[in-house]
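Here the structure is laid out as structure tokens; the discussion comes afterwards.
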Amino acid sequence: MNSKTFSALRASAAPLALVVAGLTASAAFVAPAMAQDFTYATASGQILGEDDAPISGATVEIKSNDQGFTRSVTTDSSGGYRIPTLPQGSYTFTVTADGYT
């Protein structure tokens with residue numbers, strides 16, 4: 001299995017395409033009069049091959065550059081992934097899939 005590392009803040013051309021919808025702030029509403037809580041973010045996206053076909057079963061690992069913790073998920077049948085409840089900050093993504101460099 002080969003892996004490719006991506007920085008959340010830098011673009012990189014690679015045979016394994018990474019489409020990241022980005023770190024989007026989640027909004028938590030306790031009551032209608034409460035303000036939005038932008039403490040946490042969600043990383044989501046879709047992993048595609050060079051032929052733009054979705055890659056299911058790829059491992060997407062995200063590492064916090066600030067805090068050092070790591071979380072990982074496996075892409076679904078459409079190549080999609082979602083990693084919720086991430087503290088805001090800078091992250092490095094590593095995508096690993098059989099048959100891809």
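The values are calculated or read from the model by the stated rules, or taken from the named source; none is laboratory data. None of these values were measured; they are calculated from a predicted model. Here the Cβ positions follow ideal geometry from the backbone for every residue, glycine too, while neighbour counts run over all protein chains shown. Please note that ligands, DNA and RNA were not included when accessible areas were found on the heavy atoms of the full protein model with its side chains. Shrake-Rupley method; radii C 1.70, N 1.55, O 1.52, S 1.80 Å.
Filtered by the rule that a residue be open to solvent by 40 Å² or more (accessible area, probe 1.4 Å), touching a strand residue (DSSP E or B) at 6+ places or on another chain (Cβ under 6 Å) and under 27 Å from Glu50 (Cβ atoms), region 75-93 gives Ser78, Arg82.
This table checks each residue for (1) crowded, with 16+ Cβ neighbours inside 10 Å; (2) at pLDDT 90 or above; (3) in contact with a strand residue (DSSP E or B) (Cβ under 7 Å, 6 or more places away or on another chain).
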position: Ser7; (1), (2), (3): no, no, yes
position: Ala11; (1), (2), (3): no, no, no
position: Gly22; (1), (2), (3): no, no, no
position: Ala28; (1), (2), (3): no, no, no
position: Met34; (1), (2), (3): no, no, no
position: Ala43; (1), (2), (3): yes, yes, yes
position: Thr59; (1), (2), (3): yes, yes, yes
position: Phe69; (1), (2), (3): no, yes, no
